[in-house]
Amino acid sequence: MKKISILLSFFLLCHFMAWAQDFKITHGPYLYDMGTDGVTVIWTTSKPALSWVELAPGNDSSFYAHSHPRYYSTVAGRRQSTSSFHCVRLKGLQPGTRCNYRIYSREVLSWKGSGKVAYGNTVANNVFREKPYSFVTFPEKRSEETTFVMFNDLHENNDVFNRLCRHIDFARTDLVILNGDMTNYITDEEKLFTGYLDTAVDNFARHTPFLFAKGNHENRGVYADHLMQYYPNRNGQFYQLQRYGDICLLVLDCGEDKPDSDIEYSDLAQYDSYREEEARWLQDVLRSDEFLSSCVRIVISHIPFTSGDWHGNLHLRKLFLPLLNKAGIDLMLSGHTHNYSFHPQDAQCRFPTVVNDNETSLRCRVDGKGIDVEIITQDGKTLAHHYINITPKQ
C-alpha cells in the first residue's frame, strides 16, 4: 500500500510539473523600432497572457533588489490579455542610455463573459539563470564611429545565418538590418519564427535592435497579411525614415518584382499603386527637417532598382530615382540578386549601390569622413571592401 501511495504521489508530482511547464515563453524577445526615447519589445507565449516588461537602469546589477517600472501593452487604457502575442512599447527613455529589462507573462486561465479573470502561473525570461537583457537607446548625436550589419535573402537558411553571425561582434554593433527575403513565404507564425526570427533572437535581437526592409518574398503566403504585427513601425508602414544620431536610414518597401497581373500572385497584387503611394511619402519625407538635418544618408531597398529590367526594378527606378538623385544620398544597400555587386555613381544614378550576396553579411562603419563597407563570408573573410566618401550637406 505504501508503495502504491509513493507511486501515486510521484505520478501527481510529474503531472503537476508537466502542467506548470505547459505555459511558457515560446519565442523572443526581440527589440524593434528603436529610437532615442523608446523601443518595442516583442515575444510570444504558449497561451494567452497578461504581459509586461520591467525596466531598470543599465548600471543596476541587482535587478531584483527593488521594484522597477512596468510597461504593458494597452489599448485605450486597457491592458491586453487575450493574445499569446505580446508587443510592449517602452516610452519616455533617455537618448544613448543603457537599460536592463525582463519580460513577464501571466497566464489567463479563464475569463467567461463579464466575470473575473482567473490567472495562472507567471513566467519570465530565465529569471534565476541569467542576467537581465539590456539595450542602449539611439543617441541624439552620432559617436565617432557607428557600426551596423546587414543580412538579406537567407530564405530560412538558418545554418548560413548562424555561420555569418559567428564572425560579428554584436556587442560593438549598433544596429542590424534585415533587408528582405529572409523567408520563402509565410504560412503561419511558427514558420516566421523558425524560419529566421529565432536565429536572430539567439544571436543578437534580445540586445541589439534591428530594422526590417520587406523583400518580395515577404509578400507571399497565406499569413503574409499579418506581417506588420511582427514589425510595428510607429508610422504604421513598412517604409520609414530611421535616424541614428545624424545618420538617416531611408527604409523602402520594394513590393513585388513582377507585374501585378502575374499568375503567381493569384489576383492579390496591387503593388504599382502601393509604390506610387510610397513615392508620395518619399517626396514629403525628403523635405522634412528630420531628413534635411542628417549628415549621412543611406537608402535600404531589397531590390537594387538602379539597374535591372524586371517590372519591379523599372517601376521603382521611375518613381524613386529622380527623387533620390536630388536628395544628396550617400549610398544604397540592396540584395535580391543573390550575387554581390558594386555599382558606382554615374550619370543615371548619383550615388553608389552595394548589393549583398545571399551567403554573406555586409558591415558598415560610419565615421565623420565616410562609410566603410565590407562584404564578409561565412568563414569571416572579407570578400570585398569599399570606402564611400560622405557628400557634404548644405
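Screening Q94 against (1) surrounded by 14 or more Cβ atoms within 10 Å (Cβ to Cβ); (2) modelled with pLDDT of 95 or more; (3) within 30 Å of E144 (Cα to Cα) leaves a single unmet condition, (1).
Here the stretch 66-101 is the region considered, the condition is being charged (D, E, K, R) and closer than 18 Å to M34 by Cβ, and the residue that is nearest to the chain's Cα centre (by Cα) is R89.
When the stretch 248-258 is limited to residues that are farther than 14 Å from M34 by Cα and in contact with a Lys or Arg (Cβ under 6 Å, 6 or more places away or on another chain), the one that is surrounded by the fewest Cβ atoms within 10 Å (Cβ to Cβ) turns out to be D253.
Consider the stretch 104-145. How many of its residues are crowded, with 17+ Cβ neighbours inside 10 Å and under 18 Å from the mean Cα position of the chain (by Cα)?
Here is the first cut: in the stretch 104-145, the residues crowded, with 17+ Cβ neighbours inside 10 Å are 104-108, 123, 125, 132-133, 135-139, 142.
Narrowing further to those that are under 18 Å from the mean Cα position of the chain (by Cα): 133, 135-138.
Result for the stretch 104-145: 5.
From the residues in the stretch 340-363 that are hydrophobic (A, V, I, L, M, F, W, C) and not in a strand (DSSP E or B), which one is nearest to V296 (Cα to Cα)? By that ranking, first place goes to F351.
Checked against the criterion of being within 28 Å of T74 (Cα to Cα), more than 15 Å from the chain's Cα centre (by Cα) and crowded, with 16+ Cβ neighbours inside 10 Å, the stretch 157-171 contains not a single residue that satisfies it. The single condition from (1) surrounded by fewer than 19 Cβ atoms within 10 Å (Cβ to Cβ); (2) among the charged types (D, E, K, R); (3) at pLDDT 95 or above that D309 fails is (3). Here E107 qualifies as closer than 21 Å to I42 by Cα, at pLDDT 95 or above, outside any loop (DSSP other than H, G, I, E, B) and in contact with a Lys or Arg (Cβ under 8 Å, 6 or more places away or on another chain).
Please tell me if E264 is touching a Lys or Arg at 6+ places or on another chain (Cβ under 7 Å), in a helix (DSSP H, G or I), under 26 Å from V136 (Cα atoms) and not polar (S, T, N, Q). Spelling it out, it is not the case that E264 is touching a Lys or Arg at 6+ places or on another chain (Cβ under 7 Å), in a helix (DSSP H, G or I), under 26 Å from V136 (Cα atoms) and not polar (S, T, N, Q).
Within the stretch 142-184, how many residues turn out to be assigned to a loop (DSSP other than H, G, I, E, B) and over 21 Å from S334 (Cβ atoms)? Working first, answer last.
So the first thing to find is which residues in the stretch 142-184 are assigned to a loop (DSSP other than H, G, I, E, B), and the list is 142-145, 152-157, 166-169, 173-174, 179-184.
Then keep just the ones that are over 21 Å from S334 (Cβ atoms); that gives 142-145, 166-167, 169.
Qualifying residue count, the stretch 142-184: 7.
Rundown of residues vs (1) surrounded by fewer than 16 Cβ atoms within 10 Å (Cβ to Cβ); (2) hydroxyl-bearing (S, T, Y); (3) out of contact with any Gly (no Cβ under 9 Å at 6 or more places or on another chain), yes/no style:
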{"position": "Y271", "(1), (2), (3)": "no, yes, no"}
{"position": "R280", "(1), (2), (3)": "yes, no, yes"}
{"position": "D289", "(1), (2), (3)": "yes, no, yes"}
{"position": "P304", "(1), (2), (3)": "no, no, no"}
{"position": "F320", "(1), (2), (3)": "no, no, yes"}
{"position": "Y340", "(1), (2), (3)": "no, yes, yes"}
{"position": "F351", "(1), (2), (3)": "no, no, no"}
{"position": "C364", "(1), (2), (3)": "no, no, yes"}
{"position": "I371", "(1), (2), (3)": "no, no, yes"}
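T391: crowded, with 23+ Cβ neighbours inside 10 Å, over 22 Å from the mean Cα position of the chain (by Cα), modelled with pLDDT under 95 and part of a loop (DSSP other than H, G, I, E, B), yes or no? Criteria not met by T391.
Every residue, every condition in (1) hydroxyl-bearing (S, T, Y); (2) surrounded by fewer than 21 Cβ atoms within 10 Å (Cβ to Cβ); (3) over 19 Å from the mean Cα position of the chain (by Cα), yes or no:
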{"position": "F193", "(1), (2), (3)": "no, yes, no"}
{"position": "A213", "(1), (2), (3)": "no, no, no"}
{"position": "H217", "(1), (2), (3)": "no, no, no"}
{"position": "M228", "(1), (2), (3)": "no, yes, no"}
{"position": "Y231", "(1), (2), (3)": "yes, yes, no"}
{"position": "L241", "(1), (2), (3)": "no, yes, no"}
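The values are calculated or read from the model by the stated rules, or taken from the named source; none is laboratory data. Worth saying up front: this structure is predicted, and the values here are computed from it rather than measured. In this analysis, Cβ positions are derived from the backbone assuming ideal geometry, glycine residues included, and neighbour counts consider all displayed protein chains.
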